[in-house]
Amino acid sequence: MATLVAPNEISPLQDAEALHKAFKGWGTDEKAVITILGHRNSSQIQLIKQAYEEVYEENFIKRLESELSGDFERAVYRWVLEPTDRDAVLANVAIRSSKNVDYNVIVEIACVYSSEELLAVRRAYQYRNKHSLEEDVAANTSGCLRQLLVGLVSSYRYEGDEINARLAQTEANILHDALKSKNGNYEEVIRILTTRSKTQLVATFNRYRDDHATSITKKLLDGASDDFLRAVHTAIRCINDHKKYYEKVMRNAIKRIGNNYEDALTRVIVTRAEKDLQEIKDLYYKRNSENLEHSVAKELSGDYKKFLLTLLGN
């Protein structure tokens, strides 16, 4: 379930006029920006953008960027992009990170989305950047991590429900042996994670848990000393239950664990608000005995806080 609260019908022209008014004068009317854009879905925002540019003959997104600033500007900018374009931007930012590639973002896009959704993101990425997503991932990573990430973003998985129980048993054993040996030979791990359907992989992960009395993710946590194993851990969590994965991302972001925690918080809210953010909120409450909105309100401030709370359904 989505958290976004949007009317069924809007007047794109009236919204465009109201936003233009909010941009005029000495200062921007941020409240008007939040009230309008925070209560419009992606299709409605594209209609507003079209109406604005036809009437005022200027780029809507560039005007938004010039009027807003900081985390608020970044959140609004990502919200108003078309979803596939947004994911292409997120992927490019992750790859061009000043430190190391933020492989979590790449893995999320590759493992949470359907095959068709991933293909659409790859098309959008290529259109924006004039080269492919897999090309950029390969150019900015190395070794087993490169093989895994390129395999994941290039994958076009079977989407059906068929499961081969014998194959699940065999590949659960392969995963166990490969992770247990820790000798750096992970070709079979990469092959399994990048080629099997999500349904088949979940069956394999369940078989692993049943046979070894522990989940494969817990096993990975014991020895995840490098980026490759941490990326494998992220991939398995995204495939197994992406909502629980996103809840953990939100929890860590609010606790300020890891790098770019505010970016992670923005990413989850803007990408899931129209999809399943309500279920993620419910999981957050069960895990933390506190509403996600309360946690966000305590940790953030200003228009950035108000905008994210609006997308959370406040």
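What the table shows:
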| item | result |
| --- | --- |
| Peptides ranked, highest mean first, by Cβ atoms within 10 Å: ranges 149-155, 91-97 | 149-155, 91-97 |
| The chain: Cys lacking any partner C-beta under 4.7 angstrom | C144 |
| Whole-Hz ³J(HN,Hα) from phi, Karplus 6.51 cos²θ - 1.76 cosθ + 1.60, for the range 112-129, glycine and proline x | 8, 6, 6, 4, 5, 5, 4, 4, 5, 5, 4, 5, 5, 4, 5, 5, 6, 10 |
| Principal-axis tilt of helix 261-272 within the chain, Cα atoms, nearest 10 degrees | 80 degrees |
| Long pairs among K243/K306; K49/K286; K244/K306; K130/K248; K24/K305; K198/K286, criterion Cα-Cα beyond 30 Å | K49/K286; K130/K248 |
| Top of A165, A16, A120 by mean-square fluctuation, Gaussian network on the chain, Cα under 10 Å | A165 |
| Accessible area expressed per residue, the range 209-255, with surrounding protein chains retained (probe 1.4 Å, Å²) | 46 Å² |
| Accessible area of the chain belonging to carbon and sulfur atoms, whole % at 1.4 Å probe | 45 percent |
| Helix 42-56 axis, angle to the chain major axis (alpha carbon atoms, nearest 10°) | 40 degrees |
| Where the range 1-103 is the region considered: accessible area per residue in Å², 1.4 Å probe | 52 Å² |
| Centre separation in Å (Cα based) which lies between the range 111-125 and the range 128-166 | 11 Å |
| For the range 181-283: span of alpha carbons on each principal axis (Å, largest first) | 38, 28, 25 |
| Acute angle (nearest 10 degrees) that the helix 227-254 long axis makes with the longest principal axis of the chain, alpha-carbon atoms | 40 degrees |
| Residue-wise HN-Hα coupling along the range 155-163, computed from phi with Karplus coefficients 6.51, -1.76, 1.60 (Hz; x: Gly, Pro) | 5, 10, 7, 5, 9, x, 9, 5, 10 |
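The values are calculated or read from the model by the stated rules, or taken from the named source; none is laboratory data. Worth saying up front: this structure is predicted, and the values here are computed from it rather than measured. A quick note on method: Cβ atoms are made from the backbone with ideal geometry, for glycine too, and the neighbour counts reach across all protein chains shown. Note: accessible area is taken over every heavy atom of the protein model, side chains too, but ligands, DNA and RNA are not part of it. Shrake-Rupley method; radii C 1.70, N 1.55, O 1.52, S 1.80 Å.
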